[in-house]
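What follows is a set of notes on a single structure, which appears directly below.
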Amino acid sequence: MHVDKQKHTFEPKIIAFVCTWCTYAGADLAGTSRMQYPSNVRVLKFPCTGRIDPVFIIKAFQQGADGILISGCHPGDCHYIAGNYHARRRFAAFRKLLEFIGVDLNRIQFSWVSAAEGGKWVEVVTDLTERVRAMGPMVEFKDLVLEEQWSGNLNNPELQAVYEAM
Ligand code: FES
């Protein structure tokens, strides 16, 4: 019963990493056009998606984000020619690493939203917010911290047994 109540009241924190030239302008258009979208989203703008370091994603999760959106200009429209292609390749590799450490990839969305696509911005952030709300709070990194503490204990008898067997 307590869990149901928690689920019902859970409002996810979504961090959106966006490029200033396309997606930020698209989000701004949605705002000035008075389109409605969830207030769960905090937008962080960068010159280009090519400048978004994957470490920022990890940090955002560590600091309490439940979902992440990365969005920039459509392929061929990047203000810096190929920044979004680099970003796409980098995040394709990074997703595998996240999956390996136990992060559910449904918490991350990669999309293209142009300056003219206020409606698409609304659709993307609404879908992601609803999906993450249904998933519940992000707990994977808390689990990782506990595991780190456990494996840091060199006197742990189970670890000793492993070392001795090597
Ligand atoms: S400037 Fe928008 S993705 Fe590069």
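What follows is calculated from the coordinates using simple rules that are stated; it is not laboratory data. Note that this is a predicted model, so its numbers are computed, not measured. No Cβ is skipped: glycine too gets one built from the backbone with ideal geometry, and neighbour counts run over all protein chains shown.
Can you find a residue in region 120-130 that is of a type outside the set (D, E, K, R) and within 16 Å of the ligand (Cβ to nearest atom)? Checked against the condition, which is being of a type outside the set (D, E, K, R) and within 16 Å of the ligand (Cβ to nearest atom), region 120-130 yields at least one hit. Among residues that are farther than 14 Å from Ile15 by Cα, touching a residue at least 60 places away in the same chain (Cβ under 8 Å) and in contact with a strand residue (DSSP E or B) (Cβ under 6 Å, 6 or more places away or on another chain), Asn40 is not included.
Restricting attention to region 82-92, does a residue exist that is out of contact with any Phe, Trp or Tyr (no Cβ under 9 Å at 6 or more places or on another chain), touching a residue at least 40 places away in the same chain (Cβ under 8 Å) and under 18 Å from Glu11 (Cβ atoms)? No, because not a single residue in region 82-92 is out of contact with any Phe, Trp or Tyr (no Cβ under 9 Å at 6 or more places or on another chain), touching a residue at least 40 places away in the same chain (Cβ under 8 Å) and under 18 Å from Glu11 (Cβ atoms). Per the conditions (1) hydrophobic (A, V, I, L, M, F, W, C); (2) under 14 Å from Ile15 (Cα atoms); (3) out of contact with any Leu (no Cβ under 6 Å at 6 or more places or on another chain), the sole criterion not satisfied by Leu128 is (3). Gly102 meets each of the listed conditions (1) more than 16 Å from the ligand (Cβ to nearest atom); (2) outside any loop (DSSP other than H, G, I, E, B); (3) surrounded by fewer than 16 Cβ atoms within 10 Å (Cβ to Cβ); (4) not aliphatic (A, V, I, L, M) apart from (2). Among the residues making up region 8-27, those that are out of contact with any Lys or Arg (no Cβ under 8 Å at 6 or more places or on another chain) and surrounded by fewer than 16 Cβ atoms within 10 Å (Cβ to Cβ) are His8, Thr9.
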